[in-house]
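Following: one structure in C-alpha coordinates, then a few remarks.
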Amino acid sequence: MTAIPSFTMNNGRTIPALGYGVFLMTSDQVREHLPQALKLGYRHIDTANAYFNEVAVGEVVRDAIAAGELAREDLFITTKLFPQSYPYAQAVEDIDATLARLGLDYVDLLLFHQPYGEYVSGWKAMEEAVAAGRVRSIGLSNFPIAKFQEILDVAEIIPAVHQVEAHPRWNQHELKARMSEATGTEVLVEAWYPLGHGDKTLLEEPVIAAAAQRTGATPAQVILAWHLAERNITFPKTLSPAHMADNLAALDVELTAAEIATINGIPQQPYYRIPDEPPAFVLTTNDYSQQA
(Lines give C-alpha, C1' and ligand atoms only; values in the text may rest on other atoms or scores of the structure.)
Protein backbone atom coordinates (compact mmCIF):
# COMPACT_ATOMS: atom_id res chain seq x y z
CA MET A 1 0.00 0.00 0.00
CA THR A 2 1.42 3.36 -1.06
CA ALA A 3 1.86 5.98 1.67
CA ILE A 4 0.37 9.26 0.47
CA PRO A 5 2.22 12.39 1.62
CA SER A 6 0.36 15.19 3.35
CA PHE A 7 0.65 18.96 3.31
CA THR A 8 0.20 21.13 6.39
CA MET A 9 -2.58 23.71 6.07
CA ASN A 10 -2.43 27.20 7.54
CA ASN A 11 -4.47 26.01 10.56
CA GLY A 12 -1.85 23.39 11.46
CA ARG A 13 -3.90 20.42 10.28
CA THR A 14 -2.66 18.09 7.55
CA ILE A 15 -4.33 17.13 4.28
CA PRO A 16 -3.41 14.20 1.99
CA ALA A 17 -1.84 15.42 -1.25
CA LEU A 18 -3.61 12.88 -3.47
CA GLY A 19 -7.27 11.95 -3.11
CA TYR A 20 -10.15 10.18 -4.76
CA GLY A 21 -12.81 12.43 -6.27
CA VAL A 22 -16.38 11.30 -7.00
CA PHE A 23 -17.47 14.12 -9.33
CA LEU A 24 -20.03 12.89 -11.91
CA MET A 25 -20.17 9.46 -10.30
CA THR A 26 -23.52 7.86 -9.63
CA SER A 27 -24.22 6.51 -6.17
CA ASP A 28 -23.87 2.97 -7.50
CA GLN A 29 -20.49 3.84 -9.02
CA VAL A 30 -19.38 5.26 -5.68
CA ARG A 31 -20.44 2.08 -3.92
CA GLU A 32 -18.47 0.01 -6.43
CA HIS A 33 -15.31 2.04 -6.90
CA LEU A 34 -14.70 3.97 -3.67
CA PRO A 35 -14.04 0.71 -1.75
CA GLN A 36 -11.46 -0.16 -4.43
CA ALA A 37 -9.75 3.18 -3.90
CA LEU A 38 -9.71 2.73 -0.13
CA LYS A 39 -8.18 -0.74 -0.46
CA LEU A 40 -5.42 0.70 -2.63
CA GLY A 41 -4.58 3.27 0.03
CA TYR A 42 -6.56 6.40 -0.82
CA ARG A 43 -7.62 8.23 2.32
CA HIS A 44 -8.86 11.60 1.03
CA ILE A 45 -12.37 11.60 -0.47
CA ASP A 46 -13.73 14.65 -2.29
CA THR A 47 -17.50 14.98 -2.73
CA ALA A 48 -20.10 17.79 -2.69
CA ASN A 49 -23.78 18.44 -2.09
CA ALA A 50 -24.17 19.05 -5.82
CA TYR A 51 -22.67 15.65 -6.71
CA PHE A 52 -25.73 13.92 -5.23
CA ASN A 53 -23.63 11.04 -3.93
CA GLU A 54 -22.85 12.01 -0.33
CA VAL A 55 -25.15 9.27 0.98
CA ALA A 56 -23.21 6.62 -0.95
CA VAL A 57 -19.87 8.06 0.17
CA GLY A 58 -21.03 7.91 3.78
CA GLU A 59 -22.22 4.31 3.39
CA VAL A 60 -18.86 3.19 2.00
CA VAL A 61 -16.95 4.99 4.73
CA ARG A 62 -19.10 3.66 7.55
CA ASP A 63 -18.98 0.11 6.15
CA ALA A 64 -15.18 0.24 5.98
CA ILE A 65 -15.01 1.50 9.57
CA ALA A 66 -17.49 -1.13 10.78
CA ALA A 67 -15.46 -3.86 9.07
CA GLY A 68 -12.34 -2.71 10.91
CA GLU A 69 -10.56 -1.86 7.66
CA LEU A 70 -9.79 1.68 8.83
CA ALA A 71 -10.70 4.21 11.49
CA ARG A 72 -12.48 7.52 10.98
CA GLU A 73 -9.31 9.40 11.91
CA ASP A 74 -7.50 7.64 9.04
CA LEU A 75 -9.73 9.44 6.54
CA PHE A 76 -9.90 13.00 5.25
CA ILE A 77 -13.34 13.80 3.86
CA THR A 78 -14.10 16.95 1.89
CA THR A 79 -17.54 18.14 0.83
CA LYS A 80 -18.93 21.42 -0.49
CA LEU A 81 -21.97 23.65 -0.12
CA PHE A 82 -23.69 25.11 -3.19
CA PRO A 83 -24.89 28.77 -3.24
CA GLN A 84 -28.45 27.89 -2.19
CA SER A 85 -26.92 27.04 1.20
CA TYR A 86 -24.96 30.26 1.72
CA PRO A 87 -27.38 32.54 3.60
CA TYR A 88 -26.33 32.28 7.24
CA ALA A 89 -29.42 30.57 8.66
CA GLN A 90 -29.62 28.19 5.71
CA ALA A 91 -25.92 27.37 5.99
CA VAL A 92 -26.32 26.40 9.64
CA GLU A 93 -29.14 24.04 8.68
CA ASP A 94 -27.44 22.64 5.58
CA ILE A 95 -24.15 21.88 7.30
CA ASP A 96 -26.10 19.62 9.64
CA ALA A 97 -27.94 18.14 6.65
CA THR A 98 -24.75 17.25 4.81
CA LEU A 99 -23.36 15.57 7.91
CA ALA A 100 -26.61 13.63 8.23
CA ARG A 101 -26.39 12.46 4.60
CA LEU A 102 -22.82 11.33 5.17
CA GLY A 103 -23.74 9.80 8.51
CA LEU A 104 -20.66 11.34 10.11
CA ASP A 105 -20.04 13.48 13.18
CA TYR A 106 -17.68 15.80 11.30
CA VAL A 107 -16.04 16.46 7.95
CA ASP A 108 -12.39 17.33 7.61
CA LEU A 109 -12.89 20.11 5.05
CA LEU A 110 -15.95 22.07 3.96
CA LEU A 111 -15.84 24.41 0.98
CA PHE A 112 -18.09 27.01 -0.56
CA HIS A 113 -18.41 25.49 -4.03
CA GLN A 114 -19.23 28.48 -6.26
CA PRO A 115 -18.58 32.25 -5.92
CA TYR A 116 -22.20 33.42 -6.08
CA GLY A 117 -24.95 34.30 -3.63
CA GLU A 118 -24.66 35.18 0.04
CA TYR A 119 -21.22 33.71 0.71
CA VAL A 120 -20.23 36.64 2.95
CA SER A 121 -23.00 35.98 5.46
CA GLY A 122 -22.56 32.22 5.23
CA TRP A 123 -18.90 32.28 6.20
CA LYS A 124 -19.90 32.90 9.82
CA ALA A 125 -21.83 29.60 9.80
CA MET A 126 -18.72 27.84 8.49
CA GLU A 127 -16.65 29.30 11.32
CA GLU A 128 -19.27 28.31 13.90
CA ALA A 129 -19.21 24.75 12.55
CA VAL A 130 -15.45 24.69 13.14
CA ALA A 131 -15.93 25.97 16.69
CA ALA A 132 -18.53 23.26 17.29
CA GLY A 133 -16.24 20.50 16.02
CA ARG A 134 -18.58 19.66 13.15
CA VAL A 135 -16.03 20.78 10.57
CA ARG A 136 -12.26 20.67 11.00
CA SER A 137 -11.18 23.07 8.22
CA ILE A 138 -12.95 25.43 5.82
CA GLY A 139 -12.17 26.88 2.42
CA LEU A 140 -13.41 28.02 -0.95
CA SER A 141 -13.75 26.78 -4.50
CA ASN A 142 -13.66 28.81 -7.72
CA PHE A 143 -13.50 32.23 -6.04
CA PRO A 144 -11.75 34.99 -7.98
CA ILE A 145 -9.40 37.05 -5.86
CA ALA A 146 -11.85 39.96 -5.42
CA LYS A 147 -14.52 37.66 -3.98
CA PHE A 148 -11.87 35.80 -1.99
CA GLN A 149 -11.03 39.18 -0.42
CA GLU A 150 -14.70 39.71 0.48
CA ILE A 151 -14.48 36.58 2.61
CA LEU A 152 -11.24 37.76 4.21
CA ASP A 153 -12.87 41.07 5.11
CA VAL A 154 -15.28 39.29 7.47
CA ALA A 155 -13.28 36.18 8.33
CA GLU A 156 -11.99 35.16 11.71
CA ILE A 157 -10.76 31.92 10.13
CA ILE A 158 -8.70 32.26 6.96
CA PRO A 159 -9.60 29.76 4.22
CA ALA A 160 -7.25 26.79 4.46
CA VAL A 161 -7.79 25.55 0.91
CA HIS A 162 -8.94 26.94 -2.43
CA GLN A 163 -10.12 24.40 -5.01
CA VAL A 164 -9.65 25.75 -8.55
CA GLU A 165 -8.71 24.66 -12.05
CA ALA A 166 -4.98 23.88 -11.96
CA HIS A 167 -2.63 22.01 -14.31
CA PRO A 168 0.58 22.81 -16.21
CA ARG A 169 -1.34 25.05 -18.65
CA TRP A 170 -2.96 26.96 -15.77
CA ASN A 171 -0.52 26.72 -12.89
CA GLN A 172 -2.25 29.34 -10.70
CA HIS A 173 1.01 30.94 -9.63
CA GLU A 174 -0.56 34.40 -9.76
CA LEU A 175 -3.55 33.33 -7.66
CA LYS A 176 -1.27 31.65 -5.12
CA ALA A 177 0.85 34.78 -4.81
CA ARG A 178 -2.17 37.04 -4.42
CA MET A 179 -3.75 34.78 -1.78
CA SER A 180 -0.46 34.69 0.13
CA GLU A 181 -0.19 38.48 -0.04
CA ALA A 182 -3.79 38.91 1.12
CA THR A 183 -3.61 36.44 4.00
CA GLY A 184 0.02 36.51 5.07
CA THR A 185 0.07 32.72 4.89
CA GLU A 186 -0.25 29.88 2.42
CA VAL A 187 -3.68 28.86 1.16
CA LEU A 188 -3.27 25.43 -0.40
CA VAL A 189 -4.64 24.84 -3.89
CA GLU A 190 -6.72 21.79 -4.70
CA ALA A 191 -6.73 21.14 -8.44
CA TRP A 192 -9.68 20.29 -10.60
CA TYR A 193 -8.87 19.36 -14.21
CA PRO A 194 -5.49 18.26 -12.78
CA LEU A 195 -4.62 16.42 -16.01
CA GLY A 196 -6.02 19.08 -18.30
CA HIS A 197 -9.63 18.00 -18.87
CA GLY A 198 -8.62 14.94 -20.89
CA ASP A 199 -6.56 17.03 -23.29
CA LYS A 200 -4.11 14.69 -25.03
CA THR A 201 -2.10 17.62 -26.33
CA LEU A 202 -1.15 18.48 -22.73
CA LEU A 203 0.16 14.94 -22.24
CA GLU A 204 2.13 15.38 -25.45
CA GLU A 205 3.85 18.61 -24.39
CA PRO A 206 7.56 18.04 -25.18
CA VAL A 207 8.80 18.71 -21.65
CA ILE A 208 6.22 16.33 -20.17
CA ALA A 209 6.98 13.64 -22.76
CA ALA A 210 10.72 14.03 -22.14
CA ALA A 211 10.30 13.75 -18.36
CA ALA A 212 8.16 10.67 -18.86
CA GLN A 213 10.84 9.08 -21.02
CA ARG A 214 13.59 9.91 -18.52
CA THR A 215 11.72 8.57 -15.48
CA GLY A 216 9.92 5.66 -17.13
CA ALA A 217 6.62 7.16 -16.00
CA THR A 218 3.53 7.97 -18.01
CA PRO A 219 2.84 11.60 -18.98
CA ALA A 220 -0.11 11.61 -16.56
CA GLN A 221 2.18 10.48 -13.75
CA VAL A 222 4.63 13.24 -14.63
CA ILE A 223 1.83 15.82 -14.34
CA LEU A 224 0.75 14.41 -10.98
CA ALA A 225 4.38 14.51 -9.80
CA TRP A 226 4.52 18.15 -10.91
CA HIS A 227 1.38 18.88 -8.85
CA LEU A 228 3.04 17.29 -5.82
CA ALA A 229 6.14 19.46 -6.32
CA GLU A 230 3.85 22.50 -6.64
CA ARG A 231 2.08 21.61 -3.34
CA ASN A 232 -1.22 21.10 -5.16
CA ILE A 233 -3.76 18.58 -3.87
CA THR A 234 -5.22 16.49 -6.69
CA PHE A 235 -8.18 14.19 -7.32
CA PRO A 236 -7.58 12.50 -10.68
CA LYS A 237 -10.91 10.86 -11.47
CA THR A 238 -11.02 7.26 -12.61
CA LEU A 239 -13.29 4.25 -12.29
CA SER A 240 -10.42 1.88 -13.12
CA PRO A 241 -8.51 0.24 -10.24
CA ALA A 242 -5.50 -0.03 -12.57
CA HIS A 243 -5.55 3.73 -13.15
CA MET A 244 -6.07 4.32 -9.42
CA ALA A 245 -2.86 2.36 -8.81
CA ASP A 246 -1.07 4.21 -11.62
CA ASN A 247 -1.99 7.53 -10.03
CA LEU A 248 -0.59 6.40 -6.69
CA ALA A 249 2.61 5.33 -8.45
CA ALA A 250 3.08 8.95 -9.53
CA LEU A 251 4.05 9.67 -5.92
CA ASP A 252 7.34 7.85 -6.61
CA VAL A 253 8.19 9.94 -9.68
CA GLU A 254 10.90 12.50 -8.94
CA LEU A 255 11.23 15.43 -11.31
CA THR A 256 14.32 17.59 -11.49
CA ALA A 257 14.20 21.27 -10.66
CA ALA A 258 14.92 22.00 -14.32
CA GLU A 259 11.98 19.85 -15.44
CA ILE A 260 9.65 21.57 -13.01
CA ALA A 261 10.83 24.99 -14.15
CA THR A 262 10.35 24.06 -17.80
CA ILE A 263 6.86 22.71 -17.13
CA ASN A 264 6.09 26.01 -15.42
CA GLY A 265 7.15 27.75 -18.61
CA ILE A 266 4.34 26.17 -20.65
CA PRO A 267 2.07 28.94 -22.04
CA GLN A 268 -0.87 29.59 -19.76
CA GLN A 269 -4.52 29.24 -20.76
CA PRO A 270 -7.42 27.85 -18.69
CA TYR A 271 -9.95 25.43 -20.11
CA TYR A 272 -12.78 27.19 -18.28
CA ARG A 273 -13.26 30.72 -17.03
CA ILE A 274 -15.50 31.30 -14.02
CA PRO A 275 -18.17 33.79 -15.19
CA ASP A 276 -18.86 36.94 -13.20
CA GLU A 277 -22.59 36.23 -13.20
CA PRO A 278 -23.96 32.89 -11.98
CA PRO A 279 -24.75 30.32 -14.68
CA ALA A 280 -28.26 28.90 -14.69
CA PHE A 281 -27.20 25.62 -13.06
CA VAL A 282 -25.90 27.53 -10.04
CA LEU A 283 -29.25 29.23 -9.49
CA THR A 284 -31.19 25.96 -9.49
CA THR A 285 -32.50 24.97 -6.05
CA ASN A 286 -31.81 21.30 -5.44
CA ASP A 287 -33.28 18.83 -2.98
CA TYR A 288 -30.16 17.06 -1.80
CA SER A 289 -32.18 14.62 0.30
CA GLN A 290 -33.18 12.83 -2.91
CA GLN A 291 -30.27 10.43 -3.17
CA ALA A 292 -30.32 6.73 -3.84
Looking only at residues that are without any contact (Cβ under 8 Å) to a residue 40 or more places away in the chain and not β-branched (V, I, T) in segment 33-49, which one is nearest to F7 (Cα to Cα)?
R43
Residue that is over 21 Å from the mean Cα position of the chain (by Cα) and in contact (Cβ under 8 Å) with a residue 12 or more places away in the chain, where the choices are P241, P219, P206:
P219
Filter result (within 24 Å of V282 (Cα to Cα) and open to solvent by 50 Å² or more (accessible area, probe 1.4 Å)) within segment 154-170:
V154, W170
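Picking from F52, F76, which residue would you name as being surrounded by 14 or more Cβ atoms within 10 Å (Cβ to Cβ), in contact with a His (Cβ under 6 Å, 6 or more places away or on another chain) and in contact (Cβ under 8 Å) with a residue 24 or more places away in the chain?
So the residue among F52, F76 that is surrounded by 14 or more Cβ atoms within 10 Å (Cβ to Cβ), in contact with a His (Cβ under 6 Å, 6 or more places away or on another chain) and in contact (Cβ under 8 Å) with a residue 24 or more places away in the chain is F76.
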Hey, A258 hits all of (1) open to solvent by less than 60 Å² (accessible area, probe 1.4 Å); (2) of a type in the set (G, A, S); (3) over 24 Å from I15 (Cα atoms) but one; which does it fall short on?
(1)
Could you list, in sequence order, all residues of segment 79-93 that are in contact (Cβ under 8 Å) with a residue 60 or more places away in the chain and part of a helix (DSSP H, G or I)?
P83, Q84
What single numbered condition from (1) over 18 Å from V107 (Cβ atoms); (2) over 15 Å from the mean Cα position of the chain (by Cα); (3) crowded, with 22+ Cβ neighbours inside 10 Å fails to hold for L34?
(1)
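When segment 61-97 is examined, which residues are found to be among the aromatic types (F, W, Y) and over 30 Å from I4 (Cβ atoms)?
Passing the criteria: Y86, Y88.
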Going by the conditions given, is H227 part of a helix (DSSP H, G or I), within 22 Å of the chain's Cα centre (by Cα) and exposed (fewer than 15 other Cβ atoms within 10 Å of the Cβ)?
no
Testing V92 on (1) under 23 Å from A191 (Cα atoms); (2) among the β-branched types (V, I, T); (3) open to solvent by 50 Å² or more (accessible area, probe 1.4 Å), one condition comes back false. Which one is that?
(1)
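Test A100 against the stated conditions and say whether it is open to solvent by 10 Å² or more (accessible area, probe 1.4 Å), among the aliphatic types (A, V, I, L, M) and either under 12 Å from S289 (Cα atoms) or assigned to a loop (DSSP other than H, G, I, E, B) (or both).
When the stated conditions are applied, A100 passes them.
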Name the single residue, out of those in segment 171-186 being in contact (Cβ under 8 Å) with a residue 24 or more places away in the chain and open to solvent by 40 Å² or more (accessible area, probe 1.4 Å), that is farthest from I157 (Cα to Cα).
H173
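The values are calculated or read from the model by the stated rules, or taken from the named source; none is laboratory data. These numbers were taken from a predicted model, which means no experiment stands behind them. Counting neighbours? That spans all protein chains shown, and the Cβs are built from the backbone with ideal geometry, glycine included. Only protein heavy atoms, including side chains, enter the accessible area calculation; ligands, DNA and RNA are left aside. Shrake-Rupley method; radii C 1.70, N 1.55, O 1.52, S 1.80 Å.
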